[in-house]
Amino acid sequence: MPFEATDAANFEFDPATGTVMAYTGSDVDVVIPREIDGVTVTAIDRNAFEACRDYANTETTSDRTEWVHLRSVVIPETVRSIGDDLFSYCQQLETVVCYAPMETTGGTAF
């Protein structure tokens, strides 16, 4: 993977399962790291990009007034599964590069 990983401090991570639980940063271009604190990242939870969901042009109600305008995401080869609705309502998302041999993709992930 020829991309430099986004700083691990920008992610909530469950080391017991190897799952990225949330993206907490503000970068619009995100590269999921291969490992965080020495633990291999193997999954991305369904709510990981909740802060990037823009409901402004939908009938979905939300108390969120600001969000990260996520533009691109790179998923490393270590990730085997991504959760349901992972990128739903990420209306600014243009590109997803996936190096992973995905075993499970959640329903309506894209």
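The values are calculated or read from the model by the stated rules, or taken from the named source; none is laboratory data. As the structure is a computational prediction, the values presented were derived from the model and not from experiment. Neighbour counts are summed over all protein chains in view; Cβ atoms, including those assigned to glycine, are modelled from backbone coordinates with ideal geometry. Accessible surface is based on the protein model in full, side chains and every heavy atom, while ligands, DNA and RNA are left aside. Shrake-Rupley method; radii C 1.70, N 1.55, O 1.52, S 1.80 Å.
The table below lists the values:
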| quantity | calculated |
| --- | --- |
| Members of segment 51-82 found to be open to solvent by 20 Å² or more (accessible area, probe 1.4 Å), modelled with pLDDT of 75 or more and in contact with a Ser or Thr (Cβ under 8 Å, 6 or more places away or on another chain), listed by number | A51, R71, S72, T78, R80, S81 |
| Checklist (1) under 16 Å from N47 (Cα atoms); (2) within 11 Å of the chain's Cα centre (by Cα); (3) modelled with pLDDT of 85 or more applied to C90, failing item | (3) |
| Residue list for segment 19-50, filter: buried (at least 16 other Cβ atoms within 10 Å of the Cβ) and touching a residue at least 60 places away in the same chain (Cβ under 8 Å) | R46 |
| Qualifying position, being assigned to a strand (DSSP E or B), within 14 Å of the chain's Cα centre (by Cα), at pLDDT below 95 and not aromatic (F, W, Y), among A48, A22 | A22 |
